[in-house]
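The numbers here are math on the coordinates, done by the rules we state, and not lab data. Everything numeric in this text was worked out from a predicted model, so none of it was measured. Positions of Cβ are backbone-derived with ideal geometry, glycine not excepted, and every protein chain shown enters the neighbour counts.
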Amino acid sequence: MHLLSHISAEDPLGRRYARRMWGLALGIFAFAFAQVIYAQLNGLPQLRRDGLDWGYDVVFYAMAAVLYGRGDRAERAGAIVLGLVMAVAGFDTLLDLYLKIRQPRPIEPMALGFSALTAGASGFLFVGLLLPFRESRNPLIEATWLSARNSLISSVAYSSVTLFARLATSRAVEYALDIFAAALAFQAAYIILRDALWQREKT
């Protein structure tokens, strides 16, 4: 396969990892594109926002697929970029929270249910696909594993209570979940950057 030609045939686990990263990136992009178009055509701003948020996952997995197997320097650089993307995602979550508090959005029950269902399913899918690589000390693999872990934790939390929280009179639970998701993103960014920079200093 051309996309994997830079990965040695003596690294079958790495080739499987890169293949899964490409599959995730392309699959998420197609799903998110369809969701954003549907939301735009039907006037569903929250669903459109949720669709655009998938962009972080597309960047994550596509970059991992491109850089894996291209040498320690490229993989460390990629991990650093992914760590920064996680930090940006955390700040973006807090910005979205601020905007929701400042100007509450209309409730979209069907859109919220759809988002909760797809987020929960995707969290388990991402972790399941990356589970065989969770012990790797490669900074690039570690970055994608932490991203998948965060997707699972936050999506399960959101799927469990967000729909009911957003339909409730008080939105305190919804806001707390956003803070929790941002904290997860910052924690993952710290671990990714720490390990990638520490490995660079060792070499």
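Length gained on full extension, residue 33 to residue 53: 6.1 nm, using 0.36 nm per residue less the C-alpha separation. Summing charges over neighbours of residue 132, with a neighbour being any other residue whose Cβ is under 15 Å away from its Cβ, gives +4 when K and R count +1 and D and E count -1.
With a simple spin-label model that places each label point 7 Å from the Cα along the Cα-to-Cβ direction, the separation between residue 101 and residue 16 comes to 4.6 nm. Here r is the Cβ-Cβ distance between residue 72 and residue 131 and R0 is 22 Å; the resulting FRET efficiency, rounded to 0.05, is 0.35.
The gain in end-to-end length when the residue 91 to residue 176 segment is fully stretched comes to 29.1 nm, 0.36 nm per residue minus the alpha carbon separation.
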